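S.K.: Okay, here's the structure, questions in a sec.
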Amino acid sequence: IPAIDVAVDRYRFAGPIEPSYLVASAGARSTIRAVADFVCSGVDDEVEIQAALDQLTRGRVVMSAGKFVMGTNTHAVTIAVPPNVHLQGLGSAVTLLTYEDVATFDFQITYGTNSELSDFGIFEEMIE
């Protein structure tokens with residue numbers, strides 16, 4: 001059987017491929033940034049993450065390695081993960097959501113039915 005037939009058979013068995021988007025951090029390698037669907041600037045990166053999430057009714061948003069800076073221009077950030085969508089990083093020590101360490105900062109992630117959150121870390125960062 002030619003390789004293409006094997007691939008088609010596997011696709012039929014596994015079902016449809018879920019839609020997905022890649023969000024690159026400002027510090028991601030240039031090769032990753034070049035192929036990413038959304039590219040962050042290091043300022044209010046929640047905007048690009050949310051834009052990717054808003055494109056899906058099911059599927060996956062994968063965040064690259066690197067630091068994603070939340071709430072640069074505000075002290076309240078909510079990332080809303082829609083139902084049936086998975087927000088995924090590349091590991092809790094590799095994909096980092098950061099925000100400035102201020103007493104009034106409010107950072108939330110809300111999620112719908114059958115949503116998943118995995119493989120990213122969240123931490124306060126001391127800004128001097």
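The values are calculated or read from the model by the stated rules, or taken from the named source; none is laboratory data. Keep in mind that this is a model prediction, so the values were computed, not measured. So basically every Cβ, Gly included, is an ideal-geometry build from the backbone, and we count neighbours across all protein chains shown. Remember, those area values only see protein heavy atoms, side chains included, never the ligands or the DNA or RNA. Shrake-Rupley method; radii C 1.70, N 1.55, O 1.52, S 1.80 Å.
S.K.: What residue, among those in region 117-126 that are assigned to a strand (DSSP E or B), modelled with pLDDT of 90 or more and over 18 Å from THR78 (Cβ atoms), is least open to solvent (accessible area, probe 1.4 Å)?
M.R.: Step by step, filter region 117-126, then rank; the result is GLY121.
S.K.: Can you tell which of ASP45, ASP54 is closer than 16 Å to TYR21 by Cα, open to solvent by 40 Å² or more (accessible area, probe 1.4 Å), touching a residue at least 12 places away in the same chain (Cβ under 8 Å) and of a type outside the set (Phe, Trp, Tyr)?
M.R.: Of ASP45, ASP54, the one residue that is closer than 16 Å to TYR21 by Cα, open to solvent by 40 Å² or more (accessible area, probe 1.4 Å), touching a residue at least 12 places away in the same chain (Cβ under 8 Å) and of a type outside the set (Phe, Trp, Tyr) is ASP54.
S.K.: So which residues in region 82-116 are of a type in the set (A, V, I, L, M, F, W, C), over 15 Å from PHE68 (Cα atoms) and open to solvent by 70 Å² or more (accessible area, probe 1.4 Å)?
M.R.: Selection gives ALA103 alone.
Matching residues to (1) modelled with pLDDT under 90; (2) out of contact with any Ser or Thr (no Cβ under 9 Å at 6 or more places or on another chain):
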{"residue": "HIS75", "(1), (2)": "yes, no"}
{"residue": "ILE79", "(1), (2)": "no, no"}
{"residue": "ASN84", "(1), (2)": "no, no"}
{"residue": "THR104", "(1), (2)": "yes, yes"}
{"residue": "ILE109", "(1), (2)": "no, no"}
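S.K.: Moving on. Condition first: among the hydrophobic types (A, V, I, L, M, F, W, C), within 13 Å of the chain's Cα centre (by Cα), open to solvent by 10 Å² or more (accessible area, probe 1.4 Å) and closer than 19 Å to ALA24 by Cβ. Can you find one or more residues in region 63-81 that meet it? Explain how you work it out, then say what you get.
M.R.: Looking only at region 63-81, we keep the residues that are among the hydrophobic types (A, V, I, L, M, F, W, C), and these are 63, 65, 68-70, 76-77, 79-81.
Okay, now just the ones that are also within 13 Å of the chain's Cα centre (by Cα), so 63, 65, 68-70, 79-81.
If we keep only those that are open to solvent by 10 Å² or more (accessible area, probe 1.4 Å) as well, we get 65, 69, 80.
Filter once more, keeping what is closer than 19 Å to ALA24 by Cβ: 65, 69.
Yes, region 63-81 contains a residue that is among the hydrophobic types (A, V, I, L, M, F, W, C), within 13 Å of the chain's Cα centre (by Cα), open to solvent by 10 Å² or more (accessible area, probe 1.4 Å) and closer than 19 Å to ALA24 by Cβ.
S.K.: Something else: Can you give me the number of residues within region 35-54 that are part of a loop (DSSP other than H, G, I, E, B) and within 12 Å of the chain's Cα centre (by Cα)?
M.R.: 4
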